[in-house]
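Novice: Mind looking over this structure? Questions follow.
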Amino acid sequence: MQINKHTIEGLISIHPSVYGDERGYFLESFNEKSFKEAIGEINFVQDNESLSMKNVLRGLHFQKPPHAQGKLVRVIKGSVLDVVVDLRKNSKTYGQHKKIILSEKEKNQFYIPPGFAHGFCSLEDETIFSYKCTEYYHPEAESCILWNDESLNIDWAVNDPILSKKDMNGISFNDLISPF
């Protein structure tokens, strides 16, 4: 397993060891001991999975404390442009975003600690996105930043994404009073 830290503190890319032969492949998608050595003590309590057609954009979502979520995300089938925005007020990277491609081919993963808004855009039809969460889903704690907020200037590499009503009506980043 290869672990890479990013310039935004707390973000980590994980590239698992993949063992393949003529039958297919094997990989450990999660190993608690290795994860704790790299990141520290974390308890995942919920796994989620979504299926998206090409150009479906989901995000930028987060849950407010005390129900803030850390996420370990990966793609099982297809590929996504995964995007996070730092919402931690005291962070030197507050308001900055990070983009990463997650794909079935690379089998890479991305760890996003609490204090970030998260979203992704599916780059292929029938993309299956999977993630582990450190906190249960609490609808009353959920919030959404507008995916195309001008002050964030995120290039999603799609002109006309397919959005939910919730994602179309996110709040602007400048109107956000960060709870982190």
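Novice: Tell me the relative contact order for the stretch 116-180 as a rounded percent, counting alpha carbon contacts under 8 Å between residues six or more apart.
Specialist: 37 percent
Novice: Fewest to most neighbouring Cβ within 10 Å: what's the order for Phe180, Phe110, Phe62? Please report the intermediate quantities before stating the final value.
Specialist: Details: Phe180 17, Phe110 24, Phe62 28.
Least to most surrounded, the residues fall as Phe180, Phe110, Phe62.
Novice: Fewest first, what order do Asp160, Asp149 take by the number of other Cβ atoms within 10 Å?
Specialist: Lowest to highest Cβ neighbour count: Asp160, Asp149.
Novice: Estimate the FRET efficiency between Asp155 and Lys5 by the formula 1/(1 + (r/R0)^6), using the beta-carbon distance for r and 30 Å for R0, to the nearest 0.05.
Specialist: For Asp155 and Lys5, the calculated efficiency is 0.80.
Novice: For the stretch 1-104, list log₁₀ I(q)/I(0) at each q in 0.11, 0.17, 0.21, 0.23 Å⁻¹, using the Debye formula over Cα point scatterers of equal strength and ignoring solvent, two decimals each.
Specialist: -0.42, -1.03, -1.53, -1.68
Novice: The stretch 77-120 to the stretch 6-47: how many Å between their Cα centroids?
Specialist: Measuring centre to centre over Cα atoms gives 15 Å.
Novice: Sticking with this structure for a sec: Using 0.36 nm per residue, how much length does the chain from Lys64 to Glu32 gain when fully extended, once their Cα-Cα distance is taken away?
Specialist: 9.0 nm
Novice: Check each of the GluC sites (Glu not before Pro) in the stretch 119-180 and keep only those in coil by DSSP with at most 11 other C-beta atoms within 10 angstrom; list them in order.
Specialist: For GluC sites (Glu not before Pro) across the stretch 119-180 that sit outside H, G, I, E and B with at most 11 neighbouring Cβ atoms in 10 Å, the list reads Glu126, Glu150.
Novice: For Rg and Dmax of the Cα atoms in Å, which listed value, (1) 15.3, 46; (2) 18.5, 56; (3) 16.0, 54, comes from the coordinates shown?
Specialist: Answer label, from the structure shown: (3).
Novice: If neighbour count is taken as other Cβ atoms inside 10 Å, put Cys144, Cys121 in order from fewest to most.
Specialist: Ordered from fewest to most neighbouring Cβ atoms within 10 Å, Cys144, Cys121 come out as Cys144, Cys121.
Novice: Which residues make up the longest stretch of the chain clear of trypsin sites (Lys or Arg not before Pro) that lie in a DSSP loop with no more than 12 other Cβ atoms within 10 Å, not counting the sites?
Specialist: It runs 106-180.
Novice: Length gain on complete extension for the stretch Asp21 to Asn90, per 0.36 nm per residue less the alpha carbon to alpha carbon distance?
Specialist: 20.1 nm
Novice: Build a GNM of the chain with springs between Cα atoms under 10 Å: which of Val45, Val85, Val56 gets the top mean-square fluctuation?
Specialist: Val45
Each reported figure results from applying straightforward, stated rules to the coordinates on display, with no laboratory input. What you see is a predicted model, and the numbers here were worked out from it, not measured in a lab. FYI the Cβ positions are ideal-geometry reconstructions off the backbone, even for glycines, and counts take in every protein chain you see.
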